[in-house]
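The values are calculated or read from the model by the stated rules, or taken from the named source; none is laboratory data. Note that this is a predicted model, so its numbers are computed, not measured. A quick note on method: Cβ atoms are made from the backbone with ideal geometry, for glycine too, and the neighbour counts reach across all protein chains shown.
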Amino acid sequence: MKRTIILLISILSCAFSQALSAQTIPEGYELVDSVVYRPVSAVDTTLAGKDVFHILPSRKAGDDANVKVHQSDDIRSSMREHIATNAKRTVSGYRVRIFFDNKQTARTESENTLKKFNGLFPEVMAYRIYANPYFKVTVGDFRTKSEAMALLSRIKGDFPSAFVVKENIEYPVVDSDNAVVADTVKVLRPIAN
């Protein structure tokens, strides 16, 4: 959900900046470059949504090899059905909980904690949920506890009460060293006096 929202914001920012460039900029404002971080896909998009049996090398397509798979149509349809039914599947893993409270100010505090974390660590996915009566902010999608502990040690200075929790997680990104892509967009900003 968060990835969709970030992508939507990026697209809207681009559309807005294009619309502004076609029109005059209001007095007292200027267009400035701003960096937007968006997470990369959690799967290898070169194969996402494709039937592997139709992308095998063939001499007809100009490839050096010719690979043919002989199988029944039942296997093909079962594979397509499996992919369709498991598109939003989660896996058991670990996250780091950076906020957990049920005070009257917990909603605002959880929002502020999420904003602070996203500002400090834009490459790590963060999730804010309400599970009656608690507001919770958890970060990261890790398959192993040791990966979550590594993040915990990185953020402990900024979030001293953080701890590791076992949760259902989104599939981690394919390339964890390059978890976000930075885009530059034009943003309308008041001119500083």
Residue match in region 86-99 (condition: touching a helix residue (DSSP H, G or I) at 6+ places or on another chain (Cβ under 6 Å) and hydroxyl-bearing (Ser, Thr, Tyr)): yes
Criterion violated by Tyr94 - all others in (1) modelled with pLDDT of 80 or more; (2) of a type in the set (Phe, Trp, Tyr); (3) over 30 Å from Leu151 (Cα atoms) satisfied: (3)
Subset of region 108-120 [within 15 Å of Arg97 (Cβ to Cβ) and either touching a residue at least 60 places away in the same chain (Cβ under 8 Å) or surrounded by fewer than 18 Cβ atoms within 10 Å (Cβ to Cβ) (or both)]: Glu109, Lys116
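Out of all the residues in region 73-86, is one or more of a type in the set (A, V, I, L, M, F, W, C), more than 30 Å from Val36 (Cβ to Cβ), modelled with pLDDT of 95 or more and not in a loop (DSSP other than H, G, I, E, B)? Outline the logic, then answer.
Residues of region 73-86 that are of a type in the set (A, V, I, L, M, F, W, C), as a first pass: 75, 79, 83-84.
Subsequent filtering for residues that are more than 30 Å from Val36 (Cβ to Cβ) retains 75, 79, 83-84.
Filter again for modelled with pLDDT of 95 or more, leaving none.
Scanning region 73-86 turns up no residue that is of a type in the set (A, V, I, L, M, F, W, C), more than 30 Å from Val36 (Cβ to Cβ), modelled with pLDDT of 95 or more and not in a loop (DSSP other than H, G, I, E, B).
Looking only at region 121-140, which residues are touching a residue at least 60 places away in the same chain (Cβ under 8 Å) and not in a loop (DSSP other than H, G, I, E, B)?
Applying the first criterion (touching a residue at least 60 places away in the same chain (Cβ under 8 Å)) to region 121-140 yields 122-123, 125-127.
Within region 121-140, Ala126, Tyr127 qualify.
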Enumeration of residues in region 48-72 that are at pLDDT 75 or above, among the basic types (Lys, Arg) and surrounded by 10 or more Cβ atoms within 10 Å (Cβ to Cβ): Arg59
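Please verify whether Glu81 is without any contact (Cβ under 8 Å) to a residue 24 or more places away in the chain, surrounded by 11 or more Cβ atoms within 10 Å (Cβ to Cβ) and more than 20 Å from Leu152 (Cβ to Cβ), treating the condition exactly as stated.
Working: without any contact (Cβ under 8 Å) to a residue 24 or more places away in the chain: yes; surrounded by 11 or more Cβ atoms within 10 Å (Cβ to Cβ): no; more than 20 Å from Leu152 (Cβ to Cβ): yes.
Taking the combined requirement at face value, the residue does not satisfy it.
Of all residues in region 117-136, which are touching a strand residue (DSSP E or B) at 6+ places or on another chain (Cβ under 9 Å) and over 18 Å from Thr90 (Cα atoms)? Lay out the reasoning, then the answer.
As a first pass, look at region 117-136 and keep what is touching a strand residue (DSSP E or B) at 6+ places or on another chain (Cβ under 9 Å): 117-118, 121-130, 134-136.
Result: Phe117, Asn118, Phe121, Pro122, Glu123, Tyr130, Tyr134, Phe135, Lys136.
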Cβ pairs under 6 Å, 6+ apart, first in region 143-172 and over 15 Å from Val124 (Cβ atoms), second in a loop (DSSP other than H, G, I, E, B) and β-branched (Val, Ile, Thr): Asn168/Thr90
